[in-house]
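Below is one structure; the comments refer to it alone.
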Amino acid sequence: MITIAVDAMGGDKAPVPEVEGAVQAARQFGHRIILVGDRDAIHHKLDTHDLSAESGGSLPIEVVHATERITMDDHAAKAARSKKGSSMHSCARLVADGKADGYISAGNTGACMAIAKMVLGKVPGVDRPALSGVFPSQKGTPVVVVDVGANVDCEAAMLAQFGLMGQIYSRLVLKVKRPRVGLLSIGEEEHKGNALTRDATPLLKELDIDFIGNVEGRDLFSGHADVIVCDGFVGNVALKVAEGLAEMMSRMLKESLSATISSKIGYALSRSAFKDFKKRVDYAEIGGAPLLGVKGVCIICHGRSDANAIKNAIRVAAEFASSNMNQRIEEELREFARAG
């Protein structure tokens, strides 16, 4: 049974969505869940749920008490160093000690990344761990974008590593047979871009991956590439623009449908189509962003994550844990270094 630790005190409305999402995940996926945080607050919310399992007994959920909480207002690096009793720290230690196969947190992103690097360490050969976002595409296939915020300043060699890690994630977890890897730039021509993209191109060409060259911003959603590489500054801006655009389109579509629907049948059909659209663009369906390159499984969720997002983040963490991905990253980076 895969065990996933959940930072129950991380999100904006913690511990309500964390507890509810954990109950849903334990019931639907059968994973063992460790809820980490204020014991009294967690048990208070757990007591409102039916924890009985269909096979008899109780759902495999346990609680580990943490004395501190890292908030969104905390300075990331300072909190990572000083709040060693936090729920976020405790989750990372459970993974490092082999008591959990991975952990998720909807808390302070900077602190979560710093703690993961501090407690879990980096996969040998990785210069900087990277945060990978998953975007929906017109083709219905997921697009992995690396990096979406972990490293705002990057070197060309880091982008090459992002490309390698991203295609391994796409291949092993998202089940894309031969992921096409593109480099985000301002034009498809190789000479376009800045010094970083021009320096990264020859390094990406040397990798044993299907590198298709430069791609543009519209390819984040076109499905032309399965993996898109960029520095964390550009990637984070792209992620936030995508989230804002999806929310605006959902609101506008809902308003338009409400204003034009004149029959019950039309309302039912339009409502079904709207639900399908919202599901395709909702970050809650994706769950969270894996931190690639750390020795363990760390999934970072949106601060506004609801129970569905937490449930799906647990699913992603379990899929990541069962993929043996970190070993593949280490092996392929070693082969690349040997070839160079």
If you check every pair at least six apart or on different chains, which have Cβ atoms under 8 Å apart with a residue in the range 99-114 that is crowded, with 24+ Cβ neighbours inside 10 Å first and a residue that is among the aromatic types (F, W, Y) second?
G102/F320
Tell me, which residue of the range 55-82 that is in contact (Cβ under 8 Å) with a residue 24 or more places away in the chain, more than 23 Å from the chain's Cα centre (by Cα) and in a loop (DSSP other than H, G, I, E, B) is surrounded by the most Cβ atoms within 10 Å (Cβ to Cβ)?
A66
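Give the number of residues within the range 296-334 that are among the hydroxyl-bearing types (S, T, Y) and more than 14 Å from S105 (Cα to Cα). Don't jump to the end; show me each part of the working.
Of the range 296-334, the ones among the hydroxyl-bearing types (S, T, Y) are 305, 322-323.
Then keep just the ones that are more than 14 Å from S105 (Cα to Cα); that gives 322-323.
So the answer is 2.
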Matching residues in the range 155-208 (in a loop (DSSP other than H, G, I, E, B) and either at pLDDT below 95 or among the charged types (D, E, K, R) (or both)) number 18
V63 vs (1) touching a Lys or Arg at 6+ places or on another chain (Cβ under 7 Å); (2) among the aliphatic types (A, V, I, L, M); (3) more than 23 Å from D306 (Cβ to Cβ): all pass except (3)
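Restricting to the range 1-27, count the residues that are surrounded by fewer than 24 Cβ atoms within 10 Å (Cβ to Cβ) and not polar (S, T, N, Q).
If we filter the range 1-27 for residues that are surrounded by fewer than 24 Cβ atoms within 10 Å (Cβ to Cβ), which is where we start, we get 1-3, 12-13, 16, 20, 23-24, 26-27.
Next, only the ones that are not polar (S, T, N, Q) stay: 1-2, 12-13, 16, 20, 23, 26-27.
Residues meeting the conditions: 9.
The values are calculated or read from the model by the stated rules, or taken from the named source; none is laboratory data. Just so it is clear, the structure is predicted and the values come from calculations on it, not from any experiment. Cβ coordinates were reconstructed from backbone atoms using ideal geometry, including for glycine residues, and neighbour counts include every protein chain displayed.
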